[in-house]
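What follows is one structure encoded as structure tokens, with my remarks underneath.
The values are calculated or read from the model by the stated rules, or taken from the named source; none is laboratory data. From a predicted model like this one, the values you see are computed outputs, not experimental measurements. Here the Cβ positions follow ideal geometry from the backbone for every residue, glycine too, while neighbour counts run over all protein chains shown.
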Amino acid sequence: MKTPVLARKASPDDAVFWQDDNLYLLDQRVLPLKETFIHCETAGDAARAIADMVVRGAPAIGVTAAYGVVLAARDAWREAGKGWRQAMREDLSLLAAARPTAVNLGWAIARMDQLARTLPDDANPEPTLLDEARAIHEQDIAANHTLGDLGATLMQNKTSVITHCNAGALATGGYGTALGVIRSAWKAGKLERVYADETRPWLQGSRLTAWELVRDGIPVSLLADGAAAARLAAGGVDWVIVGSDRIAANGDVANKIGTYSLALVARAHGVKVMVAAPTSTIDMDCPTGADIPIETRDASELLGCGGKKMAAAGAEAWNPVFDVTPAGLVDAIVTERGIILSPNTKKLRQHMA
Ligand code: MRU
């Protein structure tokens, strides 16, 4: 992985981009203090960037993995010629293992692999696979615009909302899922203010969501994660709007740790919960939330902050980075195909048919 200085200016829509036959990732670990790009030369670089949180957010991970497959095929063609398909298997496994919870990762690799299996042995696979990765990227942006506009129609009154983690342009191909709804609601004049949970320990809320919203001129106030209940009790917030890493076939939703507690307090205060996600986040092979693999990251991420040790020496930590919100606490799932109110297995099956 290299960190070149590029002439190209970063924009929130450029978390992942392919330029001059190369994959670049905006390094989200150091935003908003630095806008630095990481250059991925190999599929291994892309896998490492996903595991290390250079790029994060389920759809952005999927888009990165799709370009990672292009890099894998490029190297395999150079090294093995006609044997390229077999030669890239190891890289595909490396990419798939980078993070466990976001189903968009496996979804994108499977889509790329399916195409790879139809390609001839004796021709360079890179151009065709690159077209497919670009299609995955563009379709994700288009899906976010569609679901963003759809989600905004659910907001009846001009209101404030709470969001958790970052489900914005940075977490997707562009525009965002939860932030897609928020952007569309803002354009429609339906949004007062966004309350963004800071989202410990990686601070995706205060570093990334706030960065995106400030750049868009959308009023944003940060909340300590534990402040959401008090904020909802104070009134003026009609919706909690979040993204997802994987939605099970029964409508249970895996998202950033803390989403479950936010949904519980929302229900206690009569505030509705909207989950905005493309259909690539729905996993019909996963019956319930209990079947979703939940990533646990290193304790050091929780015991410190910004790379500095904070916790008392000797303290240990339990650090699952996602939780599951049961379908019963979700008022609406919004995808590019439409709105599922009070989701359940039957409705999800119909939606995905
Ligand atoms: O650990 P992260 O930052 O990858 O977690 C991201 C989230 O939980 C997002 O809410 C989710 O991926 C949806 S992004 C559109």
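Cβ-Cβ contacts under 8 Å between residues 6 or more apart (or on different chains), taken from a first residue in the range 194-207 that is in contact (Cβ under 8 Å) with a residue 12 or more places away in the chain to a second residue that is basic (Lys, Arg), are listed as Tyr195/Arg231; Thr199/Lys256; Trp202/Arg56; Gln204/Arg56; Gln204/Lys256. Screening the range 54-90 for residues that are surrounded by fewer than 22 Cβ atoms within 10 Å (Cβ to Cβ) and of a type in the set (D, E, K, R) and picking the one that is farthest from the ligand (Cβ to nearest atom) gives Lys82.
Does Arg111 count as surrounded by fewer than 18 Cβ atoms within 10 Å (Cβ to Cβ) and in contact (Cβ under 8 Å) with a residue 24 or more places away in the chain? No: the conditions fail for Arg111. When you look at Asp131, is it within 11 Å of the ligand (Cβ to nearest atom) and part of a helix (DSSP H, G or I), yes or no? In short, no. Residue count for the range 204-239 satisfying the condition of being under 21 Å from Ala266 (Cα atoms) and among the hydrophobic types (A, V, I, L, M, F, W, C): 13.
Residue-wise test of (1) within 16 Å of the ligand (Cβ to nearest atom); (2) hydroxyl-bearing (Ser, Thr, Tyr); (3) under 18 Å from the mean Cα position of the chain (by Cα).
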| position | (1), (2), (3) |
| --- | --- |
| Ala102 | yes, no, yes |
| Ala116 | no, no, no |
| Leu119 | no, no, no |
| Pro127 | no, no, no |
| Ala135 | no, no, yes |
| Leu150 | yes, no, no |
| Lys158 | no, no, no |
| Ala169 | yes, no, yes |
| Thr172 | yes, yes, yes |
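Restricting attention to the range 30-53 and to residues that are within 20 Å of Asp298 (Cα to Cα) and surrounded by fewer than 24 Cβ atoms within 10 Å (Cβ to Cβ), the residue that is nearest to the ligand (Cβ to nearest atom) turns out to be Met53.
Among the listed residues Arg207, Arg200, Arg183, identify the single one that is within 15 Å of the ligand (Cβ to nearest atom), surrounded by fewer than 20 Cβ atoms within 10 Å (Cβ to Cβ) and either assigned by TED's automatic domain parsing to the domain that holds Pro320 or not in a loop (DSSP other than H, G, I, E, B) (or both). Even if it seems obvious, please write down each step before you answer.
Working: Arg207 fails: surrounded by fewer than 20 Cβ atoms within 10 Å (Cβ to Cβ); Arg183 fails: surrounded by fewer than 20 Cβ atoms within 10 Å (Cβ to Cβ).
The unique qualifying residue is Arg200.
In the range 147-174, what count of residues is obtained for those that are surrounded by 19 or more Cβ atoms within 10 Å (Cβ to Cβ), in a helix (DSSP H, G or I) and not aliphatic (A, V, I, L, M)? Qualifying residue count, the range 147-174: 2.
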